[in-house]
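Right, one structure below, let's go through it.
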Amino acid sequence: MPSRIYGILAAGRPVIAATDAESETAQLVTEVGCGVVVPPGNPFALAAAIRAAHDGEYDLEAMGRR
């Protein structure tokens, strides 16, 4: 698992992880509920997740706490 994820989580920030759904990172983010997982190499899914976060569709504060 990339070490970057731990720094982000330690900072109490939600994550948008562009990774395969079967990866350890995706499993962590999904199981803990600390962010959103989008498929890698899909800029439209990434942009949609960013827009959804901006528009308040996610409880970013709660995700960050988790």
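The values are calculated or read from the model by the stated rules, or taken from the named source; none is laboratory data. Remember, predicted model here, so these are calculated numbers, not experimental data. A quick note on method: Cβ atoms are made from the backbone with ideal geometry, for glycine too, and the neighbour counts reach across all protein chains shown. Accessible surface is based on the protein model in full, side chains and every heavy atom, while ligands, DNA and RNA are left aside. Shrake-Rupley method; radii C 1.70, N 1.55, O 1.52, S 1.80 Å.
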Task: Local electrostatic count, residue 13, Cβ distance below 15 Å [Lys/Arg +1, Asp/Glu -1] - done: +1
Task: the stretch 55-63 - phi-based ³J(HN,Hα) in whole Hz, Karplus 6.51/-1.76/1.60, Gly and Pro as x - done: 7, x, 6, 10, 8, 5, 5, 5, 4
Open item on the list: Using a probe radius of 1.4 Å on heavy atoms only, what accessible surface per residue do you get for the chain? Whole Å² is fine.
Closed with: 67 Å²
Task: Relative contact order of the chain, pairs being alpha-carbon contacts under 8 Å that are 6 or more residues apart, as % - done: 35 percent
Open item on the list: Only four residue types carry charge here, +1 at the Cβ of Lys and Arg and -1 at the Cβ of Asp and Glu. Report the dipole size of the stretch 1-57 about the Cα centre in Debye, rounded to the nearest 20.
Closed with: 240 debye
Open item on the list: List the residues, sorted by chain then number, that are 5 or more residues from residue 37 or on another chain and whose placed amide H is less than 5 Å from its amide H.
Closed with: 17
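In the chain, carbon and sulfur make up what percent of the accessible area (probe 1.4 Å)?
55 percent
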TODO: Using a 10 Å cut-off on Cβ atoms, rank the peptides 14-23, 41-50 from the highest mean neighbour count down.
DONE: 14-23, 41-50
